[in-house]
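Remarks on the structure that follows.
The values are calculated or read from the model by the stated rules, or taken from the named source; none is laboratory data. Everything numeric here is computed off the predicted structure, so don't read it as measured data. Backbone-built Cβ (ideal geometry, glycine too); neighbour counts: all protein chains shown.
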Amino acid sequence: MAEIITSCPVCRKGIFTEFLRVKDHFLSREEFIIQECTGCGFRFVNPRPGPQEIGRYYQSEEYISHGAKKQDLISRVYRLARIFSIRTKFGIVKKYSHSGKMLDIGCGTGEFLGYCRKQGYEVSGVEPNERARSFAESANKIPVAEQLMAYSAKPGSYACITMWHVLEHVHELNMTMESIRELLAPDGVFIAAVPNCHSWDASKYGTCWAAYDVPRHLYHFTSKTLNDLAARNGFEVVKILPQKMDAYYVSMLSEKYQNGKVNYMKALFYGFWSNISAKREARGNSSLIFVLKRKKA
Ligand SMILES: [Zn+2]
């Protein structure tokens, strides 16, 4: 059953305008409407496939593995970027959190958590995809739950909770934020990376911007709306960091969606230009990493 949002997940108001109609370029070719809340500017897919229905939009080998064995340039760049990004992500975790218990929501096959464990963190994960989850458990020996709710018995104990490009996928947005806040230790940090639909590359590619990725991406954040969502759920934003590599990856995919093939020189230039415009035009980068802490009572 399709779900219809009648109350804004961020500000609770109920009047929305149509922002953009976007096709699922990746899989189904179906068209979805992204609406914008007139109260706070939050953008989300509405109507959207419900939790029971969304599974079929993930039924692609490529989505799960992001092309683990493919040899085309996008897949190779992606794999290289992943090694680089694991180290970069850990650098952020280490800088903003104490060592201790760590939870990665949407941990996939567990490579990032495996790396964090080597650095002294006590790691666990959440992953709804069964194949990814069993790989994380068997190959990387990481305890992984299917759902976040399984962790409700351990409140106030996590030094760090991360969601790398996962928050935009969850149906129960506020419930997820609330669970995370309860799980965090009083001085714990929540690190969330999301695409930024206010970025230069989002404007440049419009309906072909790969990070809209409808209907899998249910929400389309900006730094303003993520800030508002954080405040509603008792968090404060400590720091916003750029994910500069994403501008290149997203530009390559967007080129493919727009023109049927990738002009790599063009994609590299647009990625570079997006990162330049992030600061110069105060748009923020293609993807942003938010470091959040529980608001002091
Ligand atoms: Zn709103």
- Task: State yes or no: is residue 235 under 30 Å from residue 297 (Cβ atoms), under 14 Å from the mean Cα position of the chain (by Cα) and buried (at least 23 other Cβ atoms within 10 Å of the Cβ)?
- Result: no
- Message: Being within 19 Å of the chain's Cα centre (by Cα) and under 24 Å from residue 239 (Cβ atoms) narrows it down to one residue among 127, 168, 111, 146; which is it?
- Response: 168
- Task: Test residue 228 against the criterion of being over 18 Å from residue 104 (Cβ atoms) and in a helix (DSSP H, G or I), and give yes or no.
- Result: yes
- Message: With the condition being of a type outside the set (Gly, Ala, Ser), more than 23 Å from residue 27 (Cα to Cα) and free of Cβ contacts under 8 Å to residues at least 40 places away in the same chain, I'd like the helices (runs of 4 or more DSSP H) fully within region 114-211 carrying at least 2 qualifying residues.
- Response: 130-138, 173-183
- Task: Take residue 12 and decide whether it is at positive phi and within 16 Å of the ligand (Cβ to nearest atom).
- Result: yes
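Each row is one residue, and each column tells you yes or no for (1) closer than 30 Å to residue 122 by Cβ; (2) at pLDDT 95 or above; (3) away from the ligand (no atom under 16 Å from the Cβ).
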residue	(1), (2), (3)
18	no, yes, no
50	no, yes, yes
71	no, no, yes
81	yes, no, yes
91	yes, yes, yes
- Test set (1) modelled with pLDDT under 95; (2) surrounded by 24 or more Cβ atoms within 10 Å (Cβ to Cβ) - residue 194 fails condition number: (1)
- Query: Does residue 60 fit the bill of being within 27 Å of residue 242 (Cβ to Cβ), modelled with pLDDT under 95 and either more than 16 Å from the ligand (Cβ to nearest atom) or of a type in the set (Gly, Ala, Ser) (or both)?
  - Reply: no
- Query: For region 71-90, what are the residues that are of a type in the set (Phe, Trp, Tyr) and farther than 15 Å from residue 210 by Cβ?
  - Reply: 84, 90
- Note on the structure: Note on region 229-264: residues modelled with pLDDT of 95 or more and on the phi > 0 side of the Ramachandran plot are 234
- Can you find a residue in region 250-268 that is of a type in the set (D, E, K, R), assigned to a helix (DSSP H, G or I) and buried (at least 21 other Cβ atoms within 10 Å of the Cβ)? yes
- In region 218-229, which residues are more than 14 Å from the ligand (Cβ to nearest atom) and of a type in the set (A, V, I, L, M)? 218
- Selection from region 96-115 of residues that are under 11 Å from residue 133 (Cα atoms) and either surrounded by fewer than 19 Cβ atoms within 10 Å (Cβ to Cβ) or in contact with a strand residue (DSSP E or B) (Cβ under 7 Å, 6 or more places away or on another chain) (or both): 106, 107, 110
- Message: Looking at the structure I just gave you, is residue 35 more than 16 Å from the ligand (Cβ to nearest atom) and of a type outside the set (Val, Ile, Thr)?
- Response: no
